[in-house]
1. Measure nothing fancy, just the Cα-based angle from helix B:46-55's long axis to the longest principal axis of chain B, in degrees from 0 to 90, nearest 10.
2. Excluding same-chain residues fewer than 8 positions from A:Lys289, which lysines have a Cα within less than 20 Å of its Cα?
3. What is the mean number of Cβ atoms from other protein chains located within 10 Å of the Cβ atom of each residue in peptide B:150-160, rounded to a whole number?
4. For B:Val138, B:Val231, give me the order by solvent-accessible area with a 1.4 Å probe, most accessible first, ignoring ligands, DNA and RNA.
5. Going by alpha carbons, how many degrees (0 to 90, nearest 10) lie between the helix axis of B:303-331 and the longest principal axis of chain B?
6. How much length is gained if the chain between A:Thr208 and A:Glu249 is pulled fully straight, taking 0.36 nm per residue apart and subtracting their Cα-Cα distance, in nm to one decimal?
7. Roughly how many whole Å is it from the C-alpha centroid of segment B:61-136 to that of segment B:197-220?
8. When ranked by the protection proxy of mean other Cβ atoms within 10 Å per residue, highest first, what sequence do the peptides B:263-269, A:395-401, B:46-52, A:262-268 form?
Amino acid sequence: MNACRQYLSRFISVCLVSGGILGVMGCSPPNTEHQQPNGIIYCSEGNPASFNPQLDTSGTTVDVSSHQIYDRLLDFDLITGEIVPGLASSWSTSADGLTYTFQLRKDIAFHSTAYFTPSRSFDADDVVFSFNRWRDENHPYHDVSGGRYPYINSVGLDDLIGSIERINRYRVEVTLVRPESSFLANLATDFSIILSAEYAKQLQAAGTPELIDTQPIGTGPFKFNSFRQDRFVRFDAHTEYWRERSTTEQLIFDITPSSSLRLAKLMTGECDAMAFPTHSQLDVIRKRKELILDEKPGLNVGFWAFNTSKPPFNNPQVRRALALAIDKNAILEAIYFGSAIPAASIIPPSSWAFQPDSRNTSFNPLEATRLLRENGVEEGFSMTIWAMPVERAYNPNAMKMAELMQRYLRDVGINANIISYEWSTFRARLNQGLHDSVLIGWSADNGDPDNFFRPLLTCAAIDSGTNRARWCSKEYDTLIDKALTYTDQEDRAYFYSKAIELISQEMPLMPIAHAFRYQAYRDDVTGIEINPYGGIQFRNVSKP
Amino acid sequence: MLRIMLRHISLLILTLFILSFFSFSLAYLFPGDPLVNLTGIRDSSEQTYALLAQQYAMNDSLFSQYWHYVNNLFSGNWGLSFSSGLPLAEEISRSLAASVELSAYALIISFVIGLPLGFLSGLRHHKFIDYSLLSASVIGYSIPVFWAALIAILLFSVQLGWFPLSGRISLLYDIPYDTGFILIDILLSDVPDKEFAFQDALRHLVLPSVSIAIVTSTIVLRITRRSVVEVMNSEYIQAAYARGLSPRQVFVRHGIKNALIPILPLLVMQFTTLLTNAMIVETIFSWPGIGNGLIQAIYQRDFPAIRAGMLAVSALVLTFTITSDMVIQIFDPARRRPEDATS
């Protein structure tokens, strides 16, 4: 019996050992990573709505398409913010500021993929086609995929352009209906991409024009390979790309909606870079030596807008009093974890229109109480603070911010009720003007300061739903319009400083913070740079 | 034998009929237009809508509608997913294959761990090693699968960095879809660096399959242990010793076989438990299987995907259970019902 047991334990140990060997073969050592195919994996936050940023202003769509698949006529220099040549090698403006002539680059190849083989290189026809798609309502492609071009409509680019003509194969002339100095900046935004007219023609002949937005063709550094919802977007290198690019052969967007999972994947090396680290994750990233966290002041502003169409918020003195009641620095500490700078105006310091001497409202509850009582707002007055239900760079936690402000307002005798709805309902009700005040903000799409002044506070922006204060001032509108008729930055800055002064007198909104933008990536990745003017760029990104 | 087969097949057909009817009625129970819930095609033009209504006989009696629904199911027309707009038959067969693959490897691991330990425990009945294995198995059995998976991720992925924590293979490898089983697909494909892709896929498999296998291993261990104890105490083993066989001969000739035969069916039946656990673990490891798919579908209120996914999973489990039961009864007469006996 004893011998039997001895034999059995030998038998069992043989089983265990062989099982172990099998296991070890399965878990081959992790040092095989250099054997992986050459490519960059970016953990992104969601599914793109399409692969055409003309159709959608959401950051997810822009990130995945604008700078990967497409090029623009002009680009922003990421460091200086200047407008630099893109597909247009040079441009000239007529003396009256109405006619722009673009000289196009030659021999720029469109993507050649499984579904399209270009027969010609990029030329004026592609520019005319791309512009006319959103400009001309009778264009065969205008209504394909919905016929709405949110960014272009919101800045009025479609109405600004009177005509666009092909002069010769590599020259295009655009005539405006009125001079506007932000025109070139708008052409450099993520949304003014150039599509292939030849591809469009081919699709139309095949009866499937809508594929232009889901199986895209462009001239950008990466060409589309495949997309699986909730899983990944796969790109291959566009080897004939006209600019310098890294030798990265593949670019993959690994769609990971959970931010903690994105961070975990970044730690294990399953991602090379991740989208939108949350403020609470920043310290974790800083502590890991294999991870790098870049930060840059963002072109954004978070603010508290008062509904100036409702009494008593139509009184500038009341609005000033409310702003005085809030301790901005405490909010910055608690909500942004110090990853933002206090905002004195709606213009962030990285913009050339920034006024370094603009006054920041101080925290003064006594003065606030006095002003409120003087203007007939009695102890126990009730108002609503609407707090965004979503996380945004300019306001990572509007709910919590509203709760803090509730306490400050109680000290000056005001009962604040916090209101929040699901995001699309929230915006719909804001557009109806049902709020007393709202915590919201704005991220710029281009480096031009007009992109802050116009959408946030002009009269016309009340209807297009970006003027949350519903504030309308003829004086302000005149200043903003006048600034655009000048092309010289100093001339324009004069009008903008006047506008900023007007805002701080009238206080239609209380600017709170300009938040930093973050980019987290692994230390073996090079070439990632934060693009303050929009979507992420992978052209120069590589890893050994 | 014919009788057994007939009985099982009719049972299978009847239950599948009930299941398909249930899934059909879901189209009416979910909010919205039943036709849209069946086809997954929203915002269709009037023309296409009329065409679809005809295809699904929406204007006829419920019975006729059901009949057309089943016909569509069999011709592979399962409708489209709301969220991706892709045909569900393809989506589901892809994700089902991923789940089955994961469960199959987990089952193998459970056998590799559970069987030898079960033998050891059974042979050392009432000894220290038996008690410690038994208590380990109780602990393993009581650990919630999702918790084990999360701990495994924290330890082996995030802290030690040994294994990846999501997916089936690094996205850098573009493995063409063929059978749906990633390891087989890699071997069939002609991607460069095949062996590295294979290794990478194996590394992705380790954590999910092991965390599922923990529970099943403990079940296998306990079933095996009980059977071994029973067999080693039986008279024919004593008789074998009495005939002068060596312990090795006794164990190899009489022990192993007699201990395994009665429990094999029980072990095979663990596959369904495994599949259920796999569906939970998939969501944690972002494994692109049916469990993950169903959870996403529920989040996104993708009614056609919920309907078809539930039907596919339940039909698979049902077919597997009834078929294995049938095979067992055919090959093991001892398990047949004493139907010929008088009661």
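1. With rounding to tens, the tilt is 50 degrees.
2. List returned: A:Lys265, A:Lys543.
3. 2
4. B:Val138, B:Val231
5. 30
6. Going from the current span to full extension adds 11.8 nm.
7. If we compute the Cα centre of each part, the gap is 14 Å.
8. A:262-268, A:395-401, B:263-269, B:46-52
The values are calculated or read from the model by the stated rules, or taken from the named source; none is laboratory data. All values reported here derive from a predicted model rather than from experimental measurement. Quick reminder, even Gly has a Cβ in these numbers, built from the backbone with ideal geometry, and neighbours come from all protein chains shown. Surface areas here come from the heavy atoms of the whole protein model, side chains and all, with no ligands, DNA or RNA. Shrake-Rupley method; radii C 1.70, N 1.55, O 1.52, S 1.80 Å.
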